[in-house]
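Since every read-out is calculated from the coordinates, none of them should be taken as a lab result. Bear in mind the structure is a predicted one, so any value in this text is a computation, not a measurement. In this analysis, Cβ positions are derived from the backbone assuming ideal geometry, glycine residues included, and neighbour counts consider all displayed protein chains.
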Amino acid sequence: MFKDKKVIALGERDGVPGPLIAECMEAAGAEVVFQKTECFV
Amino acid sequence: MTPVLRAASNILVHAPDLVRYGSKCFREIASQGESFSRKLSGRIRSYENAVAYPPNQVFIGNLPPESLTGMPSPWHGHPIPDASSKGPFGEILPQESFYPLLQRADQFGLVMLDSDKLPLSGFASNAASALVPEGAPGPSHKTADILRGIESGESIPLEHAGALVGCVRRDHDADESLDARVLLENLAAKASGAYALSRLLVQEKIESGQVEYIISCSEEAVGDRYNRGGGNLAKAIGEMAGCQNAAGVDVKAFCAAPVYALIHAAALIRAGVVRNAVVVGGGSMAKLGMKAHQHIAKELPVLEDILGGVAFFLNSDEDEGPRVNLDIAGRHEVGRPSSPQGMVEALVCDPLERAGRKICDIDKYAVELHNPEVMLPAGAGDVAMTNYRTLAAVAVMRGEIDRGDIPDFIESHGMPGFAPTQGHIPAGVPYLGHALAGMRAGTLNSTMLVAKGSLFLGRMTQQADGASVVVEV
């Protein structure tokens, strides 16, 4: 599903952090072009 | 010696005319000009509405957190009738009483107020009044002098009820750490922190000279260009509150700092270094109006119009309160994952397991208690509920509760968020006033404070952080 797709991974402090999303996406064959974790508090 | 939590105080400062200096609003005004400023002004609440706002009444102790669950929503549309600005462990200060505290906090001629425009006809609070023992916070300045500084670009205006009443000036023309808005941010943290400490001392009839040590968990980076964030706001706050015999230091750990500060204070008492300590946190001006653009777009009031502050008194007299149990203090080690599950395991499961306890053994968990009515319209989620769901899910995974018990677990071990979105202020600790009342009444035995910090915001690491500790009878 994600193989050879370019991915922007946006994480959230009280949800899933950006680096973890990126790790999953890369394991699924995607290219993570940008990842960041945001905090809204 | 056993560290004991003797007292807690929570304060709020209604600061509608400082919202424009919050980081987000300041940038919006810079890019959109007066059109955003007008929209902002049109959505600002009155002091009376801020006092009657149900979450604010919970914050100062006039209502229990659980009362919010049954209240009609939106809360801002259902003010509490005859609401008082004073509560059993907190109070709400109007802006016209806060500006003089800003001037009193300033020792360098940075804050200029025109007393003809903002006459000081007595403070709305004994705690605020105690910070200005001379009766006047400083000299009055002429409007012409105030305008001259603003027009030259050295000063930023202080307004109240649509009128210019003063200004704050920079203290160096090339040092961005001493820029007028940065200094106002730092003075707001100092003045609101001192107000929280003064409220604590007045409320508990503690002589200011008794305080031996102060730890500030405020967020502001006090310093100049060579030591941005150099700190020790603690001593500045202690001086303003008249704590002549106290030493002090700051603890910085983003939003987790208040829980770290409590652990450090309790550890100093247990080790016998000091006999008592205060933990204090002043308000964050930068976070005023953080989500105002989204509140305005949804035609809501600007709910982030209020500075928060907290103060706690710890000592070693076991007759005077519940203990801070350092044997159940959680830490998030560097090698731990920053995932929600990883945080709960590090901050809740591990310390409880070391003490032979289970998740369900703790009566109440005080997690990040951000007011959901501020968060949800901005698409930022119900932070408290998200944390309770994760905690409940971990309890299911550990076989402590069944999946179907999750709603009951959240209801009995959690609470709705009620704190202003002031970063460190919602970090579990605003519940301590309620917890002390419950423990003294015999209705609560234990609470665990669980705070998290977004270290990644400073771009030095991708990690998150957290700290936890149990307070119990």
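For the range A:24-41, which residues satisfy the criterion of being free of Cβ contacts under 8 Å to residues at least 24 places away in the same chain and facing chain B (nearest Cβ under 10 Å)?
Passing the criteria: none in range.
I'm checking my understanding of the structure. Among residues of the range B:354-382 that are within 14 Å of chain A (Cβ to nearest Cβ) and free of Cβ contacts under 8 Å to residues at least 40 places away in the same chain, which one is nearest to B:E304 (Cα to Cα)?
Among residues in the range B:354-382 that are within 14 Å of chain A (Cβ to nearest Cβ) and free of Cβ contacts under 8 Å to residues at least 40 places away in the same chain, the one nearest to B:E304 (Cα to Cα) is B:L376.
B:Q341 versus (1) buried (at least 16 other Cβ atoms within 10 Å of the Cβ); (2) within 14 Å of chain A (Cβ to nearest Cβ): which is the lone unmet condition?
(1)
Which members of the range B:146-160 meet the condition of being outside any helix (DSSP H, G or I), without any contact (Cβ under 8 Å) to a residue 12 or more places away in the chain and either among the hydrophobic types (A, V, I, L, M, F, W, C) or touching a Ser or Thr at 6+ places or on another chain (Cβ under 9 Å) (or both)?
Within the range B:146-160, none qualify.
Which residue pairs have Cβ atoms closer than 6 Å, lie 6 or more positions apart in sequence or on different chains, and pair a first residue in the range B:161-190 that is over 24 Å from B:G309 (Cα atoms) with a second residue that is surrounded by fewer than 24 Cβ atoms within 10 Å (Cβ to Cβ) and of a type in the set (S, T, Y)?
Here the result reads B:R169/B:S155, each pair linking the range B:161-190 to a residue that is surrounded by fewer than 24 Cβ atoms within 10 Å (Cβ to Cβ) and of a type in the set (S, T, Y).
With the structure loaded, tell me whether A:D14 is more than 9 Å from every other protein chain (Cβ to nearest Cβ) and either of a type outside the set (S, T, Y) or more than 21 Å from B:T386 (Cβ to Cβ) (or both) or whether it fails that test.
So A:D14 fails the test.
Kindly indicate whether any position in the range B:129-145 is assigned to a loop (DSSP other than H, G, I, E, B), among the polar types (S, T, N, Q) and either under 21 Å from the mean Cα position of the chain (by Cα) or surrounded by 14 or more Cβ atoms within 10 Å (Cβ to Cβ) (or both).
no
Only one of these is among the aliphatic types (A, V, I, L, M), within 14 Å of chain A (Cβ to nearest Cβ) and either in a helix (DSSP H, G or I) or under 22 Å from the mean Cα position of the chain (by Cα) (or both): B:L347, B:L314. Name it.
When all the criteria are applied, what remains is B:L347.
Which count do you get for residues in the range B:327-339 that are in contact with a Pro (Cβ under 9 Å, 6 or more places away or on another chain) and under 15 Å from B:T390 (Cβ atoms)?
Residues flagged as in contact with a Pro (Cβ under 9 Å, 6 or more places away or on another chain) and under 15 Å from B:T390 (Cβ atoms) within the range B:327-339 amount to 4.
Which condition from (1) within 11 Å of chain B (Cβ to nearest Cβ); (2) under 19 Å from B:K291 (Cβ atoms) is the one that A:L20 breaks?
Condition not satisfied by A:L20: (2).
Could you list all residues from the range B:431-468 that are more than 24 Å from B:K358 (Cα to Cα) and within 14 Å of chain A (Cβ to nearest Cβ)?
B:G453, B:S454, B:L455, B:F456, B:L457, B:G458, B:R459, B:M460, B:T461, B:Q462, B:Q463, B:A464
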